[in-house]
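**Q** Quick one: the structure is below, questions incoming.
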Amino acid sequence: MSDESSKDALAEAGYRTVPDELGGRAARGWWDANAQEYLDEHGAFLGPEDLLWCPEGLRESQAGLLGDVRGARVLEIGAGAAQGTRWLQKVAGARAVATDVSAGMLAAAARLDAAAGVRVPLVQADARSLPFADACFDVVFTAFGALPFVPDAPRVHAEVARVLRPGGRWVFSVTHPLRWAFPDDPGVGGLTATRSYFDRRPYVETAADGRVLYAEYHRTVGDHVADVVGAGFVLDGLLEPEWPAGHERVWGGWGPVRGARLPGTLIVRAHRPPA
């Protein structure tokens, strides 16, 4: 985070334990303050109406991870500017709804709606407490949303299980857990492990007065699987997209140098068992 992207100057950053309440509520303010900067940097790659699963460039139009969603009720959590929801509604024929904790991101989504001439249902909500009835969606998904920014991911999975109908799908992408053992460097400096893969302390940024400005949480592959299964889902598969030849775009710690040797993204597919 740069000083210019927020009113709060960054005083300290690193891997350390903070109270769950402080870390869990930091995402709302950080994304409100940084929504436009994020979209200025990544908006062209994300597209105004497309479902991009990861910096490797895998898109739903190629992967089909959600299946045939024509006419289906689909919920995106941690939707950001709702590019994925917009694509599902406009191109894939789904009845899609977008939620995000950040009013700044949803304001950006409304601007994209106006430019695209569509209207996506936008709901401000914490993914740990969704304002929807039980069993009202056929598919729920998120691409790098919600899960990395909460200390209590099982609550997200439990809410997804609650709002999914029996047989419904749950698909999410996150930073590949292996990446947490390496520096967040897209070049050769990011190829040497410097931390334990099993160190689950979050990455935290704080202001001079000690307020938590940003928190991102690490979970191992085993943690993700345990959370999914613990919420009552059936695990359908794990996908680790490879870095495609000719893809030169650098996004944070993702890039062709690291992508040639290390996985950058983990995608988890699961479903709620039929009644």
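**Q** 222 nm [θ] for the chain, helices only, -39500 (n - 2.57) per DSSP H run of 4+, per residue, to 500?
**A** Numbers: 7 runs with 78 residues, N = 275.
Using -39500 (n - 2.57) per qualifying helix, the result is -8500 deg cm²/dmol.
**Q** Right, next: Over the chain, what is the percentage of antiparallel beta bridges among all DSSP beta bridges, to the nearest 5?
**A** 60 percent
**Q** Note down the net charge around TRP254, summing +1 for each Lys or Arg and -1 for each Asp or Glu among other residues with Cβ under 14 Å from its Cβ.
**A** It works out to a net charge of -3.
**Q** May I pose another question? What percentage of the solvent-accessible surface of the range 178-218, computed with a 1.4 Å probe over protein heavy atoms, is contributed by carbon and sulfur atoms?
**A** Ligands and nucleic acids excluded, carbon and sulfur give 58 percent.
**Q** Moving on. Working with all protein chains in place, sort TRP53, TRP30 by solvent-accessible area computed with a 1.4 Å probe, largest first.
**A** On the way: TRP53 0, TRP30 40 Å².
Reading off the accessible areas and sorting them downward yields TRP30, TRP53.
**Q** Mind putting a number on the dipole of the chain about its Cα centre? Charges go on the C-beta only, +1 for Lys and Arg and -1 for Asp and Glu, and I need it in Debye to the nearest 20.
**A** Dipole magnitude for the chain comes out near 800 debye.
**Q** Could you give each residue of the range 75-86 its phi-based ³J(HN,Hα) in whole Hz, using Karplus coefficients 6.51, -1.76, 1.60 with θ = phi - 60°, and x for Gly or Pro?
**A** Result, rounded to whole Hz: 10, 9, 9, x, 7, x, 8, 6, 4, x, 4, 4.
**Q** Quick check: at a probe of 1.4 Å, how many percent of the accessible area of the range 17-76 sits on carbon and sulfur atoms?
**A** C and S atoms contribute 48 percent here.
**Q** Place +1 on the Cβ of every Lys and Arg and -1 on the Cβ of every Asp and Glu in the chain, take the dipole about the Cα centre, and give the residue among THR194, PHE144, VAL123 whose Cα lies farthest towards its positive end.
**A** My answer, from the dipole projection, is VAL123.
**Q** Of the options ALA181, ALA215, ALA161, report the single residue whose Cα projects farthest towards the positive end of the charge dipole of the range 128-247 (beta-carbon charges: Lys, Arg +1; Asp, Glu -1).
**A** Working it through, the farthest residue towards the positive pole turns out to be ALA161.
**Q** Give me the accessible area per residue for the chain, probe 1.4 Å, as a whole number in Å².
**A** 44 Å²
**Q** Assign unit charges at the C-beta atoms only (+1 for Lys and Arg, -1 for Asp and Glu), then state the dipole size of the range 18-91 relative to its Cα centre in Debye, rounded to the nearest 20.
**A** Dipole magnitude for the range 18-91 comes out near 360 debye.
**Q** Could you check how much of the accessible area of the range 90-151 is carbon and sulfur, as a whole percent, using a 1.4 Å probe?
**A** Result for the range 90-151: 56 percent of the exposed heavy-atom area is carbon or sulfur.
**Q** Quick one: Cα centre-to-centre distance for the range 3-65 and the range 123-179, in angstrom?
**A** Centre-to-centre (Cα) distance: 17 Å.
The values are calculated or read from the model by the stated rules, or taken from the named source; none is laboratory data. This one's a predicted model, so the numbers in the text were calculated from it and none came from an experiment. Virtual Cβ from ideal backbone geometry, glycine too; neighbours counted across all protein chains shown. Each accessible area value is taken on the protein alone, full model and side chains, heavy atoms only, with ligands, DNA and RNA left out. Shrake-Rupley method; radii C 1.70, N 1.55, O 1.52, S 1.80 Å.
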